[in-house]
Each structure stands twice: as structure tokens, then as C-alpha cells.
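Report on one structure; see the data block that follows.
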Amino acid sequence: MDNPPRRPHRSDDPQAVGAQPPDQEALLRPGGHFQVATQYRRDAMSPHWLDWEHMPPTYKVYRDVPLVPLPPPVGVGIGGRGGEGVPDAVLPDAGLWRSIAQRRSNRDFGGQALSLNDLSILLWASTGITATSGQYLRAAPSAGALYPIETYVVAHHVDGLEQGIYHYRLVGTDERGRVTREGGHALERLHAADMRRLVAAAALDQDIAAECAAVFTWTAVFARSVWKYRQRAYRYVYLDAGHVAQNLLLAATGLDLVACPIAAFYDDEVGQMLGVDGETEAPLYMAAVGRK
């Protein structure tokens, strides 16, 4: 006798291994409310037209702060389709599959400094500009190519770089405020100081944030995505941050570095450290990077 067709399992179905009955009270808590409030439902979606005249700026640039140019990651165009490739000479002999297989969240840092070239490649590989034909596109995917994620680096031990907090500048601007490639791929120094104790305390008192060579911190400028995706944007910014972070982790593995993502931190303390308000721009994710 043929087996009857299997029916879809409900979460309260005893045959749904690993599923739990719905906790109605939990659905009213912030996490459950967020999941419900950001759902797409066919019967509840209203028309939405984009207001191009009020599109939020794609790039964040600090004025009147010290600028540190990074070694240029442009070279032989290995990305194709207008890609701005890293020269073969500065890349280790490591393929993508090897990096995927060997990537681990490693908390053991040897205390040695990163080179400025290492930092340049990590920034380019995680969120750098990789195509300039028409709209500037980047190494990590982003919903609608709106790129709400900003990158900050808390530098502890980077050769040629003063200790402190830096913002990654992707582009420059001309005298009329138009975006240009010149002046981009650089670090804007926001604060010069030994930040090891402060960043470790903000990262839920995790020592790795002080023992590594640098801490990458990613924030979201929510308006960039909300402009198009409204409430759904609050899901997309977390996905975007994950894409950027995974690029960083794989690039670190390819450079034979140690990296560990950090999701546990005091939001207000990290925001205060970076100088963001936690509402229009808020920290989402961090990663510690260094040498073995």
C-alpha cells in the first residue's frame, strides 16, 4: 500500500520534530512584534512610490577630520564586469573554497600588528567599491543596492596607523559636492586614543575586543533602506550587515589572519563610542581581527 502524502507540519504538530507550540505571550514581546510588523503579506501591502527628490545620501563623509589614505586595492580587474580587483601580488595563494573550509571564529590573538595593506584589503573585500560603470557597486550585496551599512575601525595595533577610531570613507566629493572616486578608500580619524579598555567594556566585557589588532564595527543608517522598503528595511539592514561581516571573515582567512564576529555588546556604549545616536544610525555588528 502506498504511503499517504505527507501534509505540511504546523508548529504545534507533534510530528514536527524540533518545533514548539506557539507562545502567544512571546509574540507580543519586542522580538516577536518585530517579526510580525516587518512581514510581507499579500493582503496587507499598500502601493508605494519612491520619492527620488528626497532619497537619502548613499555615502557618509566626515568633514574637517584627519584623512589617512589606504594602499589602493585596485589592480588587474580580477572581478570582471568593471570590477576593481586587488593586484595578485598582494594576495595570498588562497582560493575561495579553502577560505570557506578554513574559516573559524578564533579568539586567540598573537598580539602582532596588522599591516596597513592588510587593513586596506579587509575593508575593500568586506564593503569596498568593486564596479564603477553607472552606479557604484560594492563587494557585499545589499537590498536594492542602497548600502545602509557604515564601517568603523577601532585600531589597536596597525602599522602606520595611530590608535583610535576611524570611519571608512568609500568616496570623495568634488567642490560641488558630487561623488568621486578620488579621495575615497581612506580612513577618517574620528578620535585618537588607546581604545582597548573602552571597546572591550562596550563589547559585553569581552577581552578579545582589546586583544585583537583592530575591531570592525558596522552601523546602519536606517533611512537609506526605509526610503524604499519601509518597515521591511529593518530586516534588510541586519542581512546586509551579515553579508559584509562574512566577506570580512573570509578575507581574513585568505590573509591568514584571525577573526571573530561579535554580536553581544552594549548598544548605547558602542553608539556613544562611535558618536552615533542609536536612532538614525545604530551599531549592528562587530568583529575582532588580528594575527595568530
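Of these, Val244, Val215, Val226, which one is surrounded by 20 or more Cβ atoms within 10 Å (Cβ to Cβ), of a type in the set (A, V, I, L, M, F, W, C) and not in a strand (DSSP E or B)?
After applying the criteria, what remains is Val244.
Applying the selection to region 197-236, what residues are free of Cβ contacts under 8 Å to residues at least 12 places away in the same chain and closer than 19 Å to Gly111 by Cβ?
Ala200, Asp207
Quick check: anything in region 165-180 at pLDDT 95 or above and aliphatic (A, V, I, L, M)?
Yes, region 165-180 contains a residue that is at pLDDT 95 or above and aliphatic (A, V, I, L, M).
Going through region 148-171 one residue at a time, which ones are farther than 19 Å from Val215 by Cα and either crowded, with 23+ Cβ neighbours inside 10 Å or without any contact (Cβ under 8 Å) to a residue 60 or more places away in the chain (or both)?
Correct list: Pro148 only.
Could you count how many residues in region 260-290 are under 13 Å from Ala202 (Cβ atoms) and touching a Gly at 6+ places or on another chain (Cβ under 7 Å)?
Residues in region 260-290 being under 13 Å from Ala202 (Cβ atoms) and touching a Gly at 6+ places or on another chain (Cβ under 7 Å): 5 in total.
Quick check on this structure: which one of Val65, Val36, Val17 is modelled with pLDDT of 55 or more and touching a strand residue (DSSP E or B) at 6+ places or on another chain (Cβ under 6 Å)?
Answer to the selection: Val65.
In this structure, does His191 turn out to be under 30 Å from Tyr40 (Cα atoms) and touching a residue at least 24 places away in the same chain (Cβ under 8 Å)?
For His191, the condition - under 30 Å from Tyr40 (Cα atoms) and touching a residue at least 24 places away in the same chain (Cβ under 8 Å) - is not met.
Could you tell me which of the residues Gln163, Gln231 is farther than 26 Å from Gly290 by Cβ and among the polar types (S, T, N, Q)?
Gln231
The values are calculated or read from the model by the stated rules, or taken from the named source; none is laboratory data. Source: prediction; values computed, not measured. Cβ: placed from backbone, ideal geometry, glycine included. Neighbour counts: every protein chain shown.
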